[in-house]
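Q: Sharing a structure, written as C-alpha cells. Questions coming.
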Amino acid sequence: MPRRLPNILLTGTPGVGKTTTAEQLISLSSSTPRRLKYLSINDLVKSRGCHEGYDEELQTYMVDDDKLLDEVEKEIQDGGGDGGWVIDWHSSAGFAVRWIDLVVVLRCEDTTVLYDRLKGRGYKDEKVQENMDAEIFGVCLEEAQEGWGEERCVELRSQEVDEVEGNCERVLAWVEQWIKDREAEQT
Ligand code: DAT
C-alpha cells in the first residue's frame with residue numbers, strides 16, 4: 001500500500017534549525033487534512049536507550065546505530081502506513097531510501113551565525129569547530145545526495161528568522177505536489 005502522505009527527512013549540521021523548522025511545519029500542517037507527525041531522532045535515542053551512554057568529553061550520546069535504525073523502522077512502520085513523518089536528525093546515514101520521499105537539508109553557511117548558535121548551546125570550542133567544518137564542507141548535503149539523488153534532496157538556507165516560515169511553506173507546497181502526482185499516477 002502506498003503511503004497517503006510523504007515522509008520527509010529534515011537534516012543538516014547541528015544548529016541549522018531542524019527542530020525549529022520541524023515544529024513550525026507540524027504546527028502549520030496541524031489544522032489541514034495533511035497533518036504531519038514529528039519524529040525527533042534525538043528523543044528516540046534517549047527514550048528507547050539507543051546509545052551506550054553519554055560522553056561528557058564529546059558532549060554527545062554514543063549512538064548505537066543498529067538499535068536506533070531498528071527503532072526508526074518500527075516507528076515509521078518500515079515506510080508503510082499513512083506516512084507523513086517529519087524526521088529530525090543530523091544525518092541520513094543508514095536510513096533506507098524507501099522510507100523517505102524528500103530530504104530537506106537546512107544550511108547555515110555563515111559560520112559566525114552558526115558559531116553563536118552552537119556556543120549558545122554550551123558546546124566546547126572543539127565541538128563547535130567540528131560542526132562548523134561539517135557545515136562548510138556540506139557533509140550532510142553530500143551524504144543525502146548520495147542516498148537520494150539530487151532530485152529528491154532540497155537545500156534550504158536557514159540563517160535568518162524569517163527564512164523558517166518560507167522554508168516551511170516550500171516544504172508544504174512540495175507535499176501538496178507529491179499528493180497530486182500520486183493521484184495522477186493512480187488514475
Ligand atoms: P537544530 O535542530 O538543527 O540543531 P535548532 O532548531 O535547535 O537547530 O536551532 C538552533 C538555534 O538557532 C535555536 O536557538 C533557534 C535558532 N534558529 C534556528 N533556525 C534559525 C533561523 N533560520 N534564523 C534564526 N535563528 C534560527
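Q: Hey, if we sort Asp181, Asp162 by accessible area with the 1.4 Å probe, largest down, what's the order?
A: In descending accessible area the options line up as Asp162, Asp181.
Q: Please compute the contact order of the stretch 8-186 in relative form: average sequence separation of alpha-carbon pairs under 8 Å and at least six residues apart, divided by the residue count, as a percent. Intermediate results must be reported in sequence, preceding the final value.
A: Details: 230 pairs, mean separation 55.7, N = 179.
Over the stretch 8-186, the number comes to 31 percent.
Q: Now a separate question. If you take the charge dipole of the chain about its Cα centre, with +1 on Lys and Arg Cβ and -1 on Asp and Glu Cβ, which of Ser29, Ile136, Ile8 is farthest toward its positive end?
A: Checked the options; the winner is Ser29.
Q: Under a point-charge model restricted to the Cβ atoms of Lys and Arg (+1) and Asp and Glu (-1), what is the dipole moment magnitude of the chain relative to its Cα centre, in debye to the nearest 20?
A: So the dipole magnitude of the chain works out to roughly 780 debye.
Q: From the P(r) of the stretch 8-186, can you give the percent of Cα pairs sitting at distances over 30 Å?
A: I get 17 percent for the Cα pairs in the stretch 8-186 exceeding 30 Å.
Q: Heads up, I need the accessible area for Ser31: 1.4 angstrom probe, whole protein in place, Å², nearest 10.
A: Its accessible surface works out to 110 Å², give or take rounding.
Q: What number, rounded to the nearest 500 deg cm²/dmol, is the helix-based mean residue ellipticity at 222 nm of the chain, given -39500 (n - 2.57) per DSSP H run of at least four residues and division by all its residues?
A: Helix contribution divided over all residues of the chain: -14500 deg cm²/dmol.
Q: Tyr61 accessible area, nearest 10 Å², 1.4 Å probe?
A: Accessible area of Tyr61: about 80 Å².
The values are calculated or read from the model by the stated rules, or taken from the named source; none is laboratory data. The structure displayed is predicted, hence computed values, not measured ones. Note that we place each Cβ from the backbone using ideal geometry, even for glycine, and neighbour counts take in every protein chain shown. We work out accessible area using only protein heavy atoms, side chains counted, and drop any ligands, DNA or RNA first. Shrake-Rupley method; radii C 1.70, N 1.55, O 1.52, S 1.80 Å.
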